[in-house]
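Worksheet for the structure shown next.
The values are calculated or read from the model by the stated rules, or taken from the named source; none is laboratory data. Just so it is clear, the model here is predicted, and its values are computed rather than measured. Using ideal geometry, Cβ is built from the backbone for each residue, glycine included, and neighbour counts are taken over all protein chains shown.
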Amino acid sequence: MKRVSVIIPNWNGKELLGPCLDSLYRQEFDDFETIVVDNGSNDGSVSLVEKNFPQVTIIRFKENRGFSVAANAGIAASDSPYIGLLNNDTEVDPLWLKELVAALDADPSAGSAASKILFFSDPKTVNSAGDEFSFFGVPYQRRLVQGDGDLFNEPQYVFSACGAAALYRRELFQKVGLFDEAFFAYQEDVDLGFRAQLLGYRCLFVPRAIVYHKSRMTSSRVTGLRFYLNQRNKYFVLIKNLPAKLLILCLPLILLFEGFCLLRAILNGHLAIYFKALKDVWGHVPEMRRRRRQIQANRIKDDAYILSLLRFREPFRILFSGFGTYLLEYKEHEA
């Protein structure tokens, strides 16, 4: 049994998989297996892996079933104590796995570890240094618009790990549950992180675990998909996880942010997508309320602890300082 199983969901990513896997097999840490879960690709992705990376285990679906289903299938097919998730549009530093494993080995209170994700096209700029959750009712990535600097060079606890490049204890999935497959893609990692926090599992940001991300290479193929999934899934996260008293406390800022989302939908010509997302949220309310009852009944952390995790200043600055170009792009996780 390998110590780590690295799971790579893929959908028509032939041009991405080769460089991703090449970088993975340059790791200093070599006690790992790789599982590629293919979501019905028709571009020769599977053939490329079979020909050039025969050591990789391949799980094939006939159609695109989304990031959550693919990740869960990889978890179910593995038995390693650590589970790594990696987007196919990434390339990893040779120390990536070594740093993540060492961090979790040294900190039993952490159930997951977040990577330092840099833009592939601008490796001096941070794409994600872990996720935080805001009083606006949405998650946001700790990131910089330009330049790395010294802001994200120290290990620290964050709300959750970006699923584009993260390491989890298998124990976390056994206690918290797998990724929620209703999400399809986007914010399923935040939902998992929220459930983990409610059960006392912390997330550690590991700055020396570096990944280079070719951002939005998958979701950009379908117009409006990222906006629709984020708009819908943010409510799934709230309905399932946010304690009732904190929901009331955050409600004015949640409504303020929703006004900006509506304005962005109008400006981008996505008004129909916006209302479709809200309609779909309403259709899922009974299911999400059932899941909420189970989550809230089993949680061990109180409201005061969750309140201590919510952030205001940074998302407020992002929201109002870059409205024209950056309007709180609260998640950029790729399908």
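Is at least one residue of segment 217-230 more than 25 Å from PHE257 (Cα to Cα), in contact with a Ser or Thr (Cβ under 7 Å, 6 or more places away or on another chain) and touching a residue at least 12 places away in the same chain (Cβ under 8 Å)? No, that holds for no residue.
Being buried (at least 17 other Cβ atoms within 10 Å of the Cβ) and closer than 15 Å to ALA185 by Cα, is that true of even one residue in segment 16-35? Within segment 16-35, none of the residues are buried (at least 17 other Cβ atoms within 10 Å of the Cβ) and closer than 15 Å to ALA185 by Cα. Checked against (1) under 16 Å from LEU229 (Cβ atoms); (2) surrounded by fewer than 23 Cβ atoms within 10 Å (Cβ to Cβ), CYS162 passes all but condition (2).
Of all the numbered requirements in (1) aromatic (Phe, Trp, Tyr); (2) touching a Pro at 6+ places or on another chain (Cβ under 9 Å); (3) at pLDDT 90 or above, TYR305 misses one, and that requirement is (2).
Checked against the criterion of being at pLDDT 95 or above, assigned to a strand (DSSP E or B), surrounded by 17 or more Cβ atoms within 10 Å (Cβ to Cβ) and at negative phi, segment 45-53 contains not a single residue that satisfies it. Within segment 38-80, the set of residues being charged (D, E, K, R) and closer than 22 Å to GLU181 by Cα comprises ASP38, ARG60, LYS62, GLU63, ARG65, ASP79.
Remark: pairs (first residue in segment 1-19, in contact (Cβ under 8 Å) with a residue 24 or more places away in the chain; second residue of a type in the set (Lys, Arg); Cβ separation under 8 Å; 6+ apart in sequence or on different chains) = ASN12/ARG221; LEU16/LYS214.
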